[in-house]
Amino acid sequence: MNHRQQTLTRRPRLGTGFAESERTWVTRRLAPLTTRLRSFPDAAVELDLSVKDRDGTDPRLTLVCQISGQARLVTTAAAHTLGTAVIEVRDDMIRQVAEARAAKIWRRPRYTRH
């Protein structure tokens, strides 16, 4: 499976505050995160993104990453623009994923041949 196909299969669930028409826009901005999650099976990865106070001065985004059998990671960001907030939650989630792997909170799947 190439990078583009993997990105499309790991689309986040868009929660409160997002329209379905924004899916492509959000998926493109979260693409660097999906590359960090390539070692996990597609079906095991769940990304949920929601926004509160979207039309306010500082929209607040929440990104949840759940991988079956692993610890759940949550990150939030508030910024003046929605695009900036998406990038902030993405970058923070990338950092959390790296820290979880380094601390061995998350286990990488082992692929063995029989």
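The values are calculated or read from the model by the stated rules, or taken from the named source; none is laboratory data. Being a predicted model, the structure only gives us computed values, none of them experimental. Cβ atoms come from the backbone with ideal geometry, glycine included; neighbour counts cover every protein chain shown.
See the values below:
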{"quantity": "Exclusive hit being touching a helix residue (DSSP H, G or I) at 6+ places or on another chain (Cβ under 9 Å) and not aromatic (F, W, Y), set T27, T57", "calculated": "T27"}
{"quantity": "Meets criteria (under 17 Å from T16 (Cα atoms), of a type outside the set (G, A, S) and at pLDDT below 85) for R38", "calculated": "no"}
{"quantity": "Contacts under 9 angstrom Cβ, first residue in the range 15-26 being closer than 16 Å to V64 by Cα and touching a residue at least 12 places away in the same chain (Cβ under 8 Å), partner outside any loop (DSSP other than H, G, I, E, B) and among the charged types (D, E, K, R), 6 or more apart", "calculated": "G15/D48; T16/K52; G17/K52"}
{"quantity": "Lone unmet requirement of (1) farther than 20 Å from R95 by Cα; (2) β-branched (V, I, T); (3) in contact with a strand residue (DSSP E or B) (Cβ under 8 Å, 6 or more places away or on another chain) for T62", "calculated": "(1)"}
